[in-house]
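Rule-based calculations on the coordinates, nothing more; no lab input. Computed from a predicted structure; not experimentally measured. As a convention, Cβ positions derive from the backbone with ideal geometry for all residues, glycine included, and neighbour counts pool all protein chains shown.
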2 protein chains.
Amino acid sequence: MKAKVYVTLKKSIADPQGNAIGKALNKIGYDNVEDVRIGKLIETELGEVTKETAEKQLKEMCEKLLANTVIEQYSFEVLG
Amino acid sequence: MKAKVYVTLKKSIADPQGNAIGKALNKIGYDNVEDVRIGKLIETELGEVTKETAEKQLKEMCEKLLANTVIEQYSFEVLG
């Protein structure tokens, strides 16, 4: 059971890294690029579990370890 | 035009960060977790462009700046 977790900064949290990349893209000619936000993509293999178990585990793992829920939000996809 | 870019290490490249997170998850009870790989999620706004232009720009931006194509691979989604 493959899964993908997406961890991003909450909208209210400034993203200086994203800003820097946005400016760099503007500088090399992509003036239309705005509001760049950087997050984490975590891919993993969960072995022989049901979709429900996978989703339960992913939520727990995000809350406990993968995301800092004070400043980050998360979402995930179970790919089967 | 919103877009998401996913940048991950090529399969042939070791991912010590992913390994460390995988071991940490095993330690807190998720023994079924294997092969954790960490990548970047880049979200951005591309303004008033066509889907074709957005896809062309995203490919160029990945090749030029967002991905180190020696060790990384990329994919992207134009969300409209």
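For the range A:1-31: of the residues being buried (at least 17 other Cβ atoms within 10 Å of the Cβ) and part of a loop (DSSP other than H, G, I, E, B), which is nearest to the other protein chains (Cβ to nearest Cβ)?
Step by step, filter the range A:1-31, then rank; the result is A:Tyr30.
Could you check A:Leu46 against (1) touching a helix residue (DSSP H, G or I) at 6+ places or on another chain (Cβ under 6 Å); (2) more than 18 Å from B:Asp31 (Cβ to Cβ) and say which number it fails?
Every listed condition holds for A:Leu46 apart from (2).
Out of the residues in the range A:25-75 that are out of contact with any Asp or Glu (no Cβ under 7 Å at 6 or more places or on another chain) and basic (Lys, Arg), state the one that is nearest to B:Glu63 (Cα to Cα).
So the residue we want is A:Lys27.
Please determine, by comparing only the residues of the range A:32-73 that are away from chain B (no Cβ under 11 Å) and of a type in the set (Ser, Thr, Tyr), which one is surrounded by the fewest Cβ atoms within 10 Å (Cβ to Cβ).
Only one residue fits best here, namely A:Thr50.
Within the range A:6-24, is there a residue that is touching a residue at least 24 places away in the same chain (Cβ under 8 Å), closer than 25 Å to B:Leu66 by Cβ and small (Gly, Ala, Ser)?
No, the range A:6-24 has no match at all.
In the range A:1-56, how many are among the hydroxyl-bearing types (Ser, Thr, Tyr), farther than 18 Å from A:Phe76 by Cβ and more than 17 Å from the chain's Cα centre (by Cα)?
Step one: of the range A:1-56, the residues among the hydroxyl-bearing types (Ser, Thr, Tyr) are A:6, A:8, A:12, A:30, A:44, A:50, A:53.
With farther than 18 Å from A:Phe76 by Cβ added as a condition, the list becomes A:12, A:30.
Subsequent filtering for residues that are more than 17 Å from the chain's Cα centre (by Cα) retains A:30.
Total meeting the criteria: 1.
If you check A:Lys56, A:Lys27, A:Lys51, which single one turns out to be free of Cβ contacts under 8 Å to residues at least 60 places away in the same chain, among the basic types (Lys, Arg), in contact with a Gly (Cβ under 9 Å, 6 or more places away or on another chain) and more than 22 Å from A:Ile71 (Cβ to Cβ)? Can you show your working first?
Details: A:Lys56 fails: in contact with a Gly (Cβ under 9 Å, 6 or more places away or on another chain); A:Lys27 fails: in contact with a Gly (Cβ under 9 Å, 6 or more places away or on another chain).
On inspection, the qualifying residue turns out to be A:Lys51.
Can you find a residue in the range B:10-20 that is closer than 29 Å to A:Leu25 by Cβ and among the β-branched types (Val, Ile, Thr)?
Yes, that holds for at least one residue.
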